[in-house]
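Heads up, the thing below is written out as structure tokens.
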Amino acid sequence: MFSRLPPPTSECSRRPGNVLACVALLIVLSVCARVSVAQGRAIALQDATLFIGTGQVIEHGTVMFQDGEILAVGAEVKPSFLARKISVPGKYITPGLIDAGTTLGLRVAPGANVATARALDAFDPYAADEMRAAWRDGVTAVYLPASTGAGIGGLAAIVRLGRPTESDDFVLAGEAELCATVGGANQPGPLVRVKLVEELRRRFQAAKDYRDAWDDYRDSLKEYEEKLAERAKKDAAAGKPDSGHGPAAKKGADEQKPDEPSADKKEPAKDELKKPTEPAKDRSAELLLRVLDGELRLRVEAHDPADILNVLDLAEEFGVALVLEGATGAHLVAERLAHRDVPVVLTAPPAPLAYTGGPERFARADAAALLNGAGVRVYFGSGAVPLPDGAPRLTLRVAQATRAGFVDDAGLVALTGGAARLLGVEKKIGRLATGLQADLVVWSAHPLSPGARVERVYVGGREVGRASCRERV
């Protein structure tokens, strides 16, 4: 890329008068080299089948990216002369998969009913083993719920899984949604779950009362200040220097006759002004108000159909935007979910291996197909990931759902562009499109086909994993 410096025996070294020019040339070349290294070299992945992330497929396509950003996508892309061209014929390229609900990388769980807890504070960006497991499954971004055993858990986060030594910002959203749990993996009895829903209702009502208290306080404070200004105006018009708090008032008190009662023993005047008391601050209530105002959505983990209906009633009562997580029994109330346009993130395995009394008893292989057929938007998450290096196995779950009737390639959309739209990060990741982050995966075959494996993974344009390099994947 750069011209070679002249050797020591060149004309430059033989003429002392040119030493300064050589030094200047060396400095210029050094600066140019540093700028070039910082900018990076464009990479073009050629001759692959491209899954754009919206359902569109491009045969024999090329993806070119540089400095972490996608520059061009399509079958007619002509890479620049200096671009590093990598031919991957017969391979498939997708955007990096998005896990719409996982505990991957989380180290601690928030305390119950602590709305201000943040999943981001519990995420370990140096969880190398777990990240490698995610890359092997093609996952480059995850939604981290702030879930607790019961009740409100806190604020979820969305992060990209880059290498911890990189300086790129890996946080896509530090306050993505407010999470709550009605019935999780260790699901309590039905009466306890009903009480949890009622507790959520009480918390939202308390938040509304908190707002009303502050509205009343502001109105009272405004009225108080207006009356104070009006009294000061009347006092000024009557020639009084103040309203009873200045020197004139003190002089009058000193000249008071002995037989007159003292001022502190008099009954307070009926028109005495009293400043209203400011309500105590409540951060949890203020956070719940963000949900009531539509700034944040409420994501609730619930499995039992009765619990799901109770949560739907709660959301409808307070007018909050709702996302349902877990939802092993959601297909039994699919019409209600479709009517309310409530998206569902399936995080449980598609079918239990044996009968169980827990939420898994509702799970079935065609749950995604049933929900999708009823008009419910379906997404996928790996849920609780085993430590330390359990793989999300999202592609396996989506492949099983597809074999059970889920629409072809709808699963890939749900893992890429669809998940990005659900999480509100579609302007950054989720598609192979110009201007988006270069988070993409090269597959040996169709990602949902048996035996397909990840061959290359790029996060922010940097290769973080390759199948041929065992130490990197």
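Computed quantities for the displayed model
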read-out: Conditions (1) open to solvent by 40 Å² or more (accessible area, probe 1.4 Å); (2) touching a residue at least 40 places away in the same chain (Cβ under 8 Å); (3) not in a loop (DSSP other than H, G, I, E, B): number failed by ASP121; value: (2)
read-out: Members of the stretch 136-157 that are of a type in the set (A, V, I, L, M) and open to solvent by less than 10 Å² (accessible area, probe 1.4 Å); value: VAL139, ALA141, VAL142, LEU144, ALA146, ILE152, LEU155, ALA156, ALA157
read-out: Test: residue in the stretch 145-164 that is without any contact (Cβ under 8 Å) to a residue 24 or more places away in the chain, under 30 Å from LYS427 (Cβ atoms), touching a strand residue (DSSP E or B) at 6+ places or on another chain (Cβ under 9 Å) and not in a strand (DSSP E or B); value: no
read-out: Some residue of the stretch 288-307 being more than 23 Å from the chain's Cα centre (by Cα) and open to solvent by less than 10 Å² (accessible area, probe 1.4 Å); value: yes
read-out: Pairs, first among the hydroxyl-bearing types (Ser, Thr, Tyr) in the stretch 275-289, second surrounded by 10 or more Cβ atoms within 10 Å (Cβ to Cβ), C-beta under 7 Å, six or more apart; value: SER284/ALA115; SER284/THR116
read-out: Test result for THR62, within 22 Å of VAL413 (Cβ to Cβ) and crowded, with 16+ Cβ neighbours inside 10 Å; value: yes
read-out: Residue that is in a strand (DSSP E or B) and open to solvent by 30 Å² or more (accessible area, probe 1.4 Å), where the choices are LEU45, LEU50, LEU71; value: LEU71
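The values are calculated or read from the model by the stated rules, or taken from the named source; none is laboratory data. It should be emphasised that the depicted structure is a prediction, and the values quoted were computed from it without experimental measurement. Cβ sites come from the backbone with ideal geometry, for glycine too, and all protein chains shown count toward neighbours. Surface areas here come from the heavy atoms of the whole protein model, side chains and all, with no ligands, DNA or RNA. Shrake-Rupley method; radii C 1.70, N 1.55, O 1.52, S 1.80 Å.
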